[in-house]
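Here the structure comes first, spelled out in structure tokens, and everything after it is commentary.
Values in this text are rule-based calculations from the coordinates and carry no lab data. Predicted model only: the values in this text are computed from it and were never measured. Heads up, the Cβs are rebuilt from the backbone with ideal geometry, glycines too, and the neighbour counts pull from every protein chain shown.
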């Protein structure tokens, strides 16, 4: 089984629509929304198989496993945190 990487993103309409389109190509949805509460704003969890930087200052999120998985590039400021699910350890946090 591949290691899953959990990426927590700010919930933004355009990014969410792009991620939904990419997730439709996966057999199991890699997205889990967390609605806003009094304590925190809305966030979106994305289960990725790989997270990598692009040449343009964006972060590429690879969804799915087989063949050429769908990938979505997001702005760095959209990312709240990145966790490896197997160990529940933080592998990187970017500033708000």
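Between residue 85 and residue 53, take the C-beta separation as r, use R0 = 25 Å, and let me know the FRET efficiency to the nearest 0.05. That pair, residue 85 with residue 53, gives E of 0.75. Looking at the square roots a ≥ b ≥ c of the eigenvalues of the Cα gyration tensor of segment 5-92, which shape do they give, rounded for a/c under 1.5, prolate if a/b is larger than b/c, or oblate? Rounded is the answer for segment 5-92, as its axis ratio a/c remains below 1.5.
The stretch between residue 34 and residue 13 holds 6.2 nm of extra length on full extension. This uses 0.36 nm per residue minus the Cα-Cα distance.
Using the beta-carbon distance between residue 42 and residue 65 and R0 = 41 Å, what value does 1/(1 + (r/R0)^6) give for FRET efficiency, to the nearest 0.05? Spell out each step's value before the answer.
On the way: r = 28 Å, r/R0 = 0.67.
For residue 42 and residue 65, the calculated efficiency is 0.90.
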